[in-house]
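Data block below; observations after.
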Amino acid sequence: MSGSPPPPGGFVRRVGLFQATAINMSQMCGIGPFVTIPLMVAAFGGPQAVVGFVAGAVLALCDGLVWAELGASMPGSGGSYVYLRQAFRYRTGRLMPFLFVWTAMLFIPLIMSTGVVGFVQYLGYLAPGLGQSAGDLIGLGVIALVVLLLWRGIEHIARITAVMWAVMVTSVLLVIVAAATHFSPHMAFTYPAGAFDVMGNHYWAGFAAGLTIGIYDYLGYNTTAYMGAEIKDPGRTLPRSILLSILGIMAIYLLLQIGTLGVVDWHRMTDPHDIASTSVASAVLEETWGEGAADTVTVLILVTAFASVFAGLLGGSRVPYDAARDGVFFRPYGKLHPKHRFPVLGLATMGVITAVGFLIGRHTDLATLIQLLTTVMVIVQALAQIVALTVLRRRRPDLPRPYRMWLYPLPGVVAFAGWCVIYGYADENSPGRRPVEWSLAWLALGCAAFLVWARRERVWPFGPKEAGEEAGEVRTALETG
């Protein structure tokens, strides 16, 4: 029913395949690889760090197939909320979808905050004397500007995203080409002793850290699933945008990683006083084409970082809308702007949390922020959604599935195992920070908020829904197409 006219007062379907893929890729690439290559090298202890990007690509592709089937079947705003609501309503009622929205309103802004941290890091290359306080203020200003630009209709945002996507591709390609002109295979493929000692626990701890960084770099392949109610022909466009964006970014990342390692000595990336540890792409351009080219590409990277935050908050701000409208989250989040038709409170809330996450990252470190956001999202989104796919296959065989997962259930099993590895090693790879405990504490707080919400709404929070609620869900499905 993707061709049906948009419901009065609801979202409108104006995002096509190119724009959808551009939104995903802008969010996926962004500043990520430009700031995480040194982190990946540190995790693995050498240029074998490319293994982390490959492992992240495999996990992203397998998990992306889960998103593709669910998104094509139920293309509503909110992404995972829609899927978890349908899969778990018979057992836990409103609990799982409520907890997903609760956690998404933390981990999505945290992902965006890493982009702003990277923005300020690269700005430091152009302004070496940039102090801590000045960097903090600039980052907060960037977040405010993103929210201001998103305060408009989706048709204008789609055009802005396409332009930013073009800048992102240009910046990445320039770094890849520059690296290719001065590439040294000896630097890129000479590994330290014991680099692939898979029998030791140290290797697997490094692999888990690298997998966490790798999947962080690919996060964003699901952005358009959060915007399912605004996608043209979602049964075809959503799966294609997810798969095309993953495959495209996979090729870009491998070229970028290998090329960088063939130009900049990996030991420099582990030295906190070397510019290669904070602005490795600028270091590549400086080594190859000189400081003038490095300055130019650094400006493009800043635009790329801005684009990733823009695309992420665009999709993320839609997450609470359907839940609130269906009576599964706090009601004020179910209201759209009267003129531009975007969720006002969702965008404002995520803007504020992005600002808080940015300050946390600036005053701890980027690796800690990445570990925290991945552990928060694992249980209620990543693992629960894989289970939801199987549950819906069994409970709803009649559900229209324009796309069905290839090689089902193998990709889901691989994705489930990968997310478990990330969660299991999180505390070990972030000593003293305890991201697992923080994630469980946030879940516990979410459960308490859920009970408070249920009491205020005077509803029974668990078990099957009432007949009237079922009818309401049918109405929502028809409206979202």
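The values are calculated or read from the model by the stated rules, or taken from the named source; none is laboratory data. Predicted, not measured: the structure shown is a model, and the values here were computed from it. We place every Cβ from the backbone using ideal geometry, glycine too, and count neighbours over all the protein chains shown. Ligands, DNA and RNA are excluded from the accessible area calculation, which covers all protein heavy atoms including side chains. Shrake-Rupley method; radii C 1.70, N 1.55, O 1.52, S 1.80 Å.
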Legend entry - Centroid-to-centroid separation of region 84-151 and region 351-382 [C-alpha atoms, Å]: 8
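Looking at the square roots a ≥ b ≥ c of the eigenvalues of the Cα gyration tensor of region 326-396, which shape do they give, rounded for a/c under 1.5, prolate if a/b is larger than b/c, or oblate?
On the way: a/c = 3.33, a/b = 1.10, b/c = 3.03.
Judged from the Cα gyration tensor, region 326-396 comes out oblate (a/c at least 1.5, b/c at or above a/b).
If each DSSP helix of 4+ residues adds -39,500 (n - 2.57) and the sum is divided by the residues in the chain, what number results at 222 nm, nearest 500 deg cm²/dmol? Mind dumping the intermediate values first?
On the way: 21 runs with 334 residues, N = 481.
After summing the helix terms and dividing by residue count, I get -23000 deg cm²/dmol.
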Inset, instruction - Sort 445-454, 395-404 for me by packing, meaning the mean count of neighbouring Cβ atoms within 10 Å per residue, highest on top. - result: 445-454, 395-404
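Would you work out if region 160-302 is rounded, prolate or oblate? Take a ≥ b ≥ c from the square roots of the eigenvalues of the alpha-carbon gyration tensor; rounded if a/c is under 1.5, else prolate when a/b is larger than b/c, oblate otherwise.
Working: a/c = 2.40, a/b = 1.32, b/c = 1.82.
Cα axes put region 160-302 in the oblate bin.
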Inset, instruction - Obtain the radius of gyration and the Kirkwood radius of region 372-440 from its C-alpha atoms and give Rg over Rh. - result: 1.11
Legend entry - region 183-231-region 273-338 distance, computed between alpha-carbon centres (Å): 19
Legend entry - Helix runs (DSSP H) in the chain reaching 27 Å along axis by Cα, Kyte-Doolittle at least 1.6: 50-73, 95-126, 132-150, 154-181
Inset, instruction - May I ask you to derive the FRET efficiency for Asp265 and Thr364 from their Cβ-Cβ distance with R0 = 25 Å, giving the value to the nearest 0.05? - result: 0.40
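Per the 1.4 Å probe, what fraction of the accessible area of the chain, in percent, lies on carbon and sulfur atoms? Write down the numbers at each step before the final one.
Working: 12060 of 18120 Å².
C and S atoms contribute 67 percent here.
For region 43-145, rounded, prolate or oblate, judged on the Cα gyration tensor with a ≥ b ≥ c (square roots of eigenvalues), a/c < 1.5 rounded, else prolate if a/b > b/c?
On the way: a/c = 3.09, a/b = 1.61, b/c = 1.92.
Oblate.
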Inset, instruction - Please give the net charge around Ser184, taking every other residue with its beta carbon less than 15 angstrom from that of Ser184, where Lys and Arg add +1 and Asp and Glu add -1. - result: -1
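Heavy-atom accessible area per residue, the chain, 1.4 Å probe: how many Å²? Don't jump to the answer; show the numbers that get you there.
Details: 18120 Å² over 481 residues.
I get 38 Å² per residue for the chain.
So if I average 1/r over every pair of distinct C-alpha atoms in the chain and take the inverse, what Kirkwood radius in Å does that give? Walk me through the numbers before you get to the answer.
Details: mean 1/r = 0.0445 Å⁻¹.
Kirkwood radius, the chain: 22.5 Å.
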Inset, instruction - State the dimensionless ratio Rg/Rh of region 11-90 (Rg: radius of gyration of Cα atoms; Rh: Kirkwood radius). - result: 1.09
